[in-house]
1. Between Ile61 and Leu120, 0.36 nm times their residue separation minus their Cα-Cα distance comes to what?
2. For the range 54-151, report the convex hull volume of the alpha-carbon atoms normalised per residue, in Å³, without decimals.
3. Enter the Cα centre distance for the pair the range 70-131 and the range 16-37, rounded to the nearest angstrom.
4. What are the ³J(HN,Hα) couplings of the range 35-47, residue after residue, when phi is run through the Karplus curve with 6.51, -1.76, 1.60 and θ = phi - 60°? Round to Hz, x for glycine and proline.
5. Of the listed peptides 69-82, 89-102, 52-65, what is their order by residue-averaged count of other C-beta atoms within 10 Å, with the highest listed first?
Amino acid sequence: MTTSAPPATARSRRGAQDLHDPAYQAFLLLRTAFTVAPVVFGVDKFFDVLTHWQRYLAPSIADITPGTARQTMLMVGVVEIAAGVLVALRPHLGAYVVAAWLAGIVLNLLLIPGYYDVALRDFGLLLAALALARLAAARRGAAALPRPGLR
């Protein structure tokens with residue numbers, strides 16, 4: 001049994017139905033957030049407009065990274081931009097990368113007294129990234145299944 005792509009009209013109807021699906025809406029919302037936020041924060045690591053990012057780097061982490069704290073934050077910015085782009089292109093993989101990155105950020109913040117509230121916030125973001133990964137996996141699985149009536 002072979003399956004072929006549904007006709008364009010069936011695909012457009014499916015797309016319109018997807019927009020009304022709460023799970024798809026959640027997927028789009030999280031995918032957009034985890035694409036835009038890492039890219040914006042990553043770019044800002046080069047300009048320090050939103051905040052002075054070096055103050056969020058634990059001294060013990062700065063001591064073990066090569067270069068200065070500023071150079072470390074520039075590397076962090078590059079990784080964040082790449083993670084955001086990966087979420088945009090491959091959300092089923094990128095969301096796990098962002099979750100792992102956020103786990104590292106949480107651990108870093110726990111090493112800085114007085115930043116526990118920010119660590120808790122980032123832990124919540126980590127959970128949201130994992131939710132995106134699961135929604136993306138579900139969407140990927142649904143796309144791979146043959147649709148009834150289409151052969």
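Any read-out appearing in this document is the output of simple, stated calculations on the displayed coordinates, not a laboratory observation. Values in this document were obtained by computation on a predicted structure and should not be read as measured data. Ideal geometry is used to build each Cβ from the backbone, glycine not excepted, and the neighbour counts take in all protein chains shown.
1. Numbers: separation 59, 0.36 × 59 = 21.24 nm, distance 1.90 nm.
Stretched out fully, the Ile61 to Leu120 stretch lengthens by 19.3 nm.
2. 92
3. 20
4. Result, rounded to whole Hz: 8, 6, 4, x, 5, 5, 5, x, 5, 5, 4, 7, 10.
5. Per-residue Cβ counts within 10 Å, averaged per peptide and sorted highest first, yield 89-102, 69-82, 52-65.
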